[in-house]
1. Of everything in segment 8-32, what is more than 18 Å from L68 (Cα to Cα) and out of contact with any Asp or Glu (no Cβ under 8 Å at 6 or more places or on another chain)? Give them in sequence order.
2. Restricting the first residue to segment 57-77 and requiring it to be within 10 Å of V22 (Cα to Cα), which pairs with a second residue that is open to solvent by less than 20 Å² (accessible area, probe 1.4 Å) and part of a helix (DSSP H, G or I) meet a Cβ separation below 6 Å and a spacing of at least six or different chains?
3. Filter segment 17-57 down to residues that are among the β-branched types (V, I, T) and closer than 13 Å to L93 by Cβ and give me whichever is surrounded by the most Cβ atoms within 10 Å (Cβ to Cβ).
4. Given the conditions (1) exposed (fewer than 12 other Cβ atoms within 10 Å of the Cβ); (2) touching a residue at least 12 places away in the same chain (Cβ under 8 Å); (3) out of contact with any strand residue (DSSP E or B) (no Cβ under 6 Å at 6 or more places or on another chain), which single one is not true for G14?
5. Name the pairs whose Cβ atoms lie under 6 Å apart, with the first residue in segment 81-101 and without any contact (Cβ under 8 Å) to a residue 12 or more places away in the chain, the second open to solvent by 30 Å² or more (accessible area, probe 1.4 Å), and 6 or more positions between them or separate chains?
6. Could you list all residues from segment 49-71 that are touching a Leu at 6+ places or on another chain (Cβ under 9 Å) and under 19 Å from A15 (Cα atoms)?
Amino acid sequence: MSTLSTHVLDAVRGAPAAAVPVALFDGDGTELAAASTDGDGRIAGLGGELAPGTYRLRFGTGDYFASLGVPAFYPEVTIAFVVGDERHYHVPLLLSPYSYSTYRGS
């Protein structure tokens, strides 16, 4: 079984993105867990232990930017990823109002 963490960084402000709602879904679209990023833009453990398979993280980016009074193009960002045999997966999100990027973190 594997574990999952995430981190959201606001690239425009150059600061962690706090209070971003994040939901985890399995391959069938069933919501497994939901939380919001902490003051450091992180969620240390989301969804408990994960079996191998395909999952999706949905970040409420529109809610985050609305709370700052900043118009944004993407109301949400969804990242699909595959969990295999490794023990821990980290899925970071680098965010701005009009773009985003992600990568396989450690």
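The values are calculated or read from the model by the stated rules, or taken from the named source; none is laboratory data. Predicted model, so just to flag it, every value in this text is computed and none were measured. Heads up, the Cβs are rebuilt from the backbone with ideal geometry, glycines too, and the neighbour counts pull from every protein chain shown. The protein model used for the area step is the full one, side chains on, heavy atoms only, and it has no ligands, DNA or RNA in it. Shrake-Rupley method; radii C 1.70, N 1.55, O 1.52, S 1.80 Å.
1. The first filter runs over segment 8-32 and keeps only residues more than 18 Å from L68 (Cα to Cα), leaving 23-32.
Hits for segment 8-32 are D26, G27, D28, G29, T30, E31.
2. E76/T61; V77/T61
3. So in segment 17-57, the residues among the β-branched types (V, I, T) come out as 20, 22, 30, 37, 43, 54.
Narrowing further to those that are closer than 13 Å to L93 by Cβ: 20, 22, 37, 43.
On the way: V20: 25, V22: 20, T37: 23, I43: 23.
Checked segment 17-57; the qualifying residue surrounded by the most Cβ atoms within 10 Å (Cβ to Cβ) is V20.
4. With (1) exposed (fewer than 12 other Cβ atoms within 10 Å of the Cβ); (2) touching a residue at least 12 places away in the same chain (Cβ under 8 Å); (3) out of contact with any strand residue (DSSP E or B) (no Cβ under 6 Å at 6 or more places or on another chain) applied to G14, the lone miss is (2).
5. Listed pairs, sorted by first residue: S101/L94.
6. F59, T61, Y64, F65
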